[in-house]
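Read the structure below first, then the notes.
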Amino acid sequence: MRARSVRTSGILTAALLLSAAAVAPSAGAAVRDTAGPLTGDGGAPHCTVNAASGSERCYRTFTEAIEAASGGRITGAPLSATEAVRSDAFNARMADQAQDGVIQGTFFEDEQYGGASLTIWGAEPCVKDGWVNFQFDLGDDWKNRISSLQPWGGCALWLYPEPGLNGDRDGPFEENSAAIGSFMNDRAQSIGFS
């Protein structure tokens, strides 16, 4: 097992809680809280989670999810994550997010950025200081499902097989990963953002 460092800051926690504003869905978006599956359009849901509050909302398209997670600052995202990976313009907008509320990572149930997605957003970008700046325990509906991912907000992503950043970790994932590899595929239960 590799050693890991986790830093918890009361100021950081307070900042996250203060910035946990509700994100309103775009007009006509299909939205659900975590109470049940989203259906419609025949596609897998694209969900967003506020890292501070844990509130989850789901949408029919990747475009709607990114717009909601960015607080409306990033509009017109590609309809699919696969298209987003290839879009230099989209990747530049994601890299240039505002300092108050940023998308920190998007996670997919299938390889090649397929299936349902979960986009996690928080108060600020990660700081490259050798510490895990933020952590997130996946809800039951996302435990043991991640197969590909996209880091955002300057974050490197670490995947853990147990809640609370416990167990052998895998990472850092610092670039889009169409397949996270067999070690942590469909095993992640918590995520470290550094």
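The values are calculated or read from the model by the stated rules, or taken from the named source; none is laboratory data. All values derive from a computational prediction rather than experimental measurement. Neighbour counts are summed over all protein chains in view; Cβ atoms, including those assigned to glycine, are modelled from backbone coordinates with ideal geometry. When the accessible area is computed, the model is the full protein with side chains, heavy atoms only, and any ligands, DNA or RNA have been set aside. Shrake-Rupley method; radii C 1.70, N 1.55, O 1.52, S 1.80 Å.
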Can you give the accessible area per residue of region 111-194, in Å², using a 1.4 Å probe? 37 Å²
In nanometres, the difference between 0.36 nm per residue of separation and the alpha-carbon distance of Trp131 and Phe183 is 16.5 nm
Could you order the peptides 133-140, 103-110, 67-74 from most to least packed, using the average number of other C-beta atoms within 10 Å per residue? 103-110, 67-74, 133-140
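Order the peptides 50-58, 116-124, 184-192 from the highest to the lowest mean number of other Cβ atoms within 10 Å of their residues. Display every interim value, and only then the final one.
Numbers: 50-58: 18.9, 116-124: 23.9, 184-192: 21.1.
By packing density, highest mean first, the sequence is 116-124, 184-192, 50-58.
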Between Asp141 and Glu174, the two model label points (7 Å from Cα along the beta-carbon direction) sit apart by a distance in nm of 3.4 nm
Phi to ³J(HN,Hα) by Karplus 6.51 cos²θ - 1.76 cosθ + 1.60 over region 154-171, Hz, x for Gly, Pro: x, 8, 9, 9, 10, 10, 10, x, 9, x, x, 6, 9, x, 5, 9, 10, x
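Got the relative contact order for region 38-171 handy, in percent, Cα pairs under 8 Å and 6 or more residues apart?
In percent, rounded to a whole number, it is 22.
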Full-extension gain between Leu79 and Glu162, please, as 0.36 nm times their residue separation minus the C-alpha to C-alpha distance. 26.7 nm
Please report the carbon-and-sulfur percent of the accessible area for region 33-183; probe 1.4 Å, protein heavy atoms only, DNA, RNA and ligands left out. 47 percent
